[in-house]
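Trainee: What follows is a single structure, and I will ask about it in a moment.
The values are calculated or read from the model by the stated rules, or taken from the named source; none is laboratory data. Just so it is clear, the model here is predicted, and its values are computed rather than measured. Ideal geometry is used to build each Cβ from the backbone, glycine not excepted, and the neighbour counts take in all protein chains shown. To get the accessible areas, we keep the full protein, side chains included, count just its heavy atoms, and leave off ligands, DNA and RNA. Shrake-Rupley method; radii C 1.70, N 1.55, O 1.52, S 1.80 Å.
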Amino acid sequence: MAQDSTADGIYFGLMSGTSMDGVDGIAVEFAKGKPPVVLAEAFVGFAEGLREALFGLQHPGENEIEREALAANALATRYTVCCHELLRAGNLSAADVRAIGVHGQTVRHRPEKGYTRQINNPALLAEMAHIDVIADFRSRDVAAGGQGAPLVPAFHATVFGAPGETRVVCNLGGISNITILNAAGSVRGFDCGPANALLDEWAHRHLGKPYDQNGHFAAGGQVHRPLLNALLDEPFFTQQPPKSTGRDLFNPAWLDEKLQAFAGLPPADVQATLVVLTAITVAREIERHASDVRAVYVCGGGARNPVLMKAIQAALEDSGVSGVPVLTTEALGVPPHQVEPLAFAWLAMRCVAREPGNLAAVTGAAGERVLGAIYPR
Ligand SMILES: Nc1ncnc2c1ncn2[C@@H]1O[C@H](COP(=O)(O)OP(=O)(O)O)[C@@H](O)[C@H]1O
Ligand SMILES: [Mg+2]
């Protein structure tokens, strides 16, 4: 995709995904014809109260309009803290920044019903940060008949694409998604299934911690084949793309229902099995849709889980796609935690340039669309 030079400048990207751990921020300079230059990064965690409020909004409940509005205000406050941190770390002033691209927090994702909802208060963020805010990137794609997700593949193509070589970029957030950068230049992308959403849920229940650090808990367990088969028995895994999913499907209730027949399994075995579930669902999609892949580049928080990384390599070896290295995007010069916030800074730049941000071949939308709503400073 060509870039309009009138949109050149410094952008912030803020990503808070389905892991609900906090907000990853990036300050980046885009200039037509040049690779993006990262100026600063920041991470601002969510306090327990905000996490609980966000978890509570993932399913229908009482007084949800007010609870959503208050959680959105609290989120905008965290986004503002992240922006201040980026200004400080990058030695920038608000006037230097063209726009903030902010994802918001997904509380419902129902493209089949014609909506997806990322809560946020972009007006409050613009008011507090004194920077133009661009938000709500997904709804226009859904309005055009698309999944509204994934939106990162167009950005992946611009930074990670290599003519003549098929590459897969795999993001392991709460949900896993892959982008297939085909040797011939075409791009596909879709969600594969649960990643950290279920790993974190189980770790939280049994360790009382937000996640299974470095996969230690999973490493102490044995993969339980019958449970794995029960988990794999889910229509989403064999559905053809375009497809996307979220906590609407892969949530604690889904897991508990699958676990009903396996009461008494050691908790570490369940964790080990959930790791392999993520690995197999990713590897199967790569085998089905990118069998000529030369390397897989992982990004997102899951790239920090060595047990999960090894499991993906093993699942690929077991599939028809062997001898393919599983690396992180660091091998292509971009640290794994920077990829998603960079993509939302890039989407903001595309909106400023009035250039499309989606790929119709990825989301299934009727066409390419300029994404996002602008809240001027
Ligand atoms: N050292 C680590 N070991 C295991 N898992 C990790 C580690 N660091 C991060 N993670 C995982 O990454 C998640 C955050 O990933 P992230 O890419 O921010 O996801 P999202 O985009 O859904 O918010 C955490 O919730 C955790 O599951
Ligand atoms: Mg996150």
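Trainee: List the pairs whose first member sits in region 193-219 and is assigned by TED's automatic domain parsing to the domain that holds Gly301, whose second member is charged (D, E, K, R) and more than 9 Å from ligand 1 (Cβ to nearest atom), and whose Cβ atoms are under 7 Å apart, counting only residues at least 6 apart or on separate chains?
Mentor: Listed by first residue and then by second, the contacts come to Ala197/Arg247; Ala203/Lys209.
Trainee: Okay, next question. Just the residues that are over 12 Å from Met15 (Cβ atoms) and open to solvent by less than 20 Å² (accessible area, probe 1.4 Å), please, taken from region 91-105.
Mentor: Passing the criteria: Val97, Ala99.
Per-residue answers, yes or no, for (1) closer than 22 Å to Leu172 by Cβ; (2) in contact with a helix residue (DSSP H, G or I) (Cβ under 7 Å, 6 or more places away or on another chain):
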position: Thr6; (1), (2): no, no
position: Tyr11; (1), (2): no, yes
position: Leu14; (1), (2): yes, yes
position: Asp24; (1), (2): yes, yes
position: Phe30; (1), (2): no, yes
position: Gly33; (1), (2): no, no
position: Ala42; (1), (2): yes, yes
position: Gly45; (1), (2): yes, no
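Trainee: Now for a different question. Looking at region 1-18, which of the residues that are more than 16 Å from ligand 1 (Cβ to nearest atom) and open to solvent by less than 10 Å² (accessible area, probe 1.4 Å) is nearest to Tyr211 (Cα to Cα)?
Mentor: Residue satisfying both the conditions and the ranking: Phe12.
Trainee: Are there any strands (runs of 3 or more DSSP E) wholly within region 161-241 with 2 or more residues that are closer than 16 Å to Pro266 by Cβ and within 16 Å of ligand 1 (Cβ to nearest atom), and if so which?
Mentor: Where strands (runs of 3 or more DSSP E) fall fully within region 161-241, none carries at least 2 residues being closer than 16 Å to Pro266 by Cβ and within 16 Å of ligand 1 (Cβ to nearest atom).
Trainee: Right, another one. Against the conditions (1) aliphatic (A, V, I, L, M); (2) within 16 Å of ligand 1 (Cβ to nearest atom); (3) open to solvent by 30 Å² or more (accessible area, probe 1.4 Å), where does Ala345 fall short? Just the number, please.
Mentor: Checking Ala345 against (1) aliphatic (A, V, I, L, M); (2) within 16 Å of ligand 1 (Cβ to nearest atom); (3) open to solvent by 30 Å² or more (accessible area, probe 1.4 Å), the one that fails is (3).
Trainee: Search region 63-90 for residues being without any contact (Cβ under 8 Å) to a residue 60 or more places away in the chain and open to solvent by less than 20 Å² (accessible area, probe 1.4 Å), and hand back the single one that is farthest from Ser244 (Cα to Cα).
Mentor: Thr80
Trainee: Find the residue count for region 19-54, including only residues that are buried (at least 23 other Cβ atoms within 10 Å of the Cβ), of a type outside the set (A, V, I, L, M) and within 16 Å of ligand 1 (Cβ to nearest atom).
Mentor: Residues that pass the stated criteria total 2.
Trainee: Same structure again: As an exercise: evaluate Ala157 against (1) assigned to a loop (DSSP other than H, G, I, E, B); (2) surrounded by fewer than 24 Cβ atoms within 10 Å (Cβ to Cβ); (3) within 18 Å of the chain's Cα centre (by Cα) and give the number of the one condition it does not meet.
Mentor: Going through the list (1) assigned to a loop (DSSP other than H, G, I, E, B); (2) surrounded by fewer than 24 Cβ atoms within 10 Å (Cβ to Cβ); (3) within 18 Å of the chain's Cα centre (by Cα), Ala157 breaks only (1).
Trainee: Please go through region 192-222 and pick out each residue that is buried (at least 24 other Cβ atoms within 10 Å of the Cβ) and within 16 Å of ligand 2 (Cβ to nearest atom).
Mentor: Pro194, Ala195, Asn196, Ala197, Leu198, Leu199, Asp212
Trainee: Of all residues in region 132-151, how many are surrounded by 24 or more Cβ atoms within 10 Å (Cβ to Cβ) and in a loop (DSSP other than H, G, I, E, B)?
Mentor: 8
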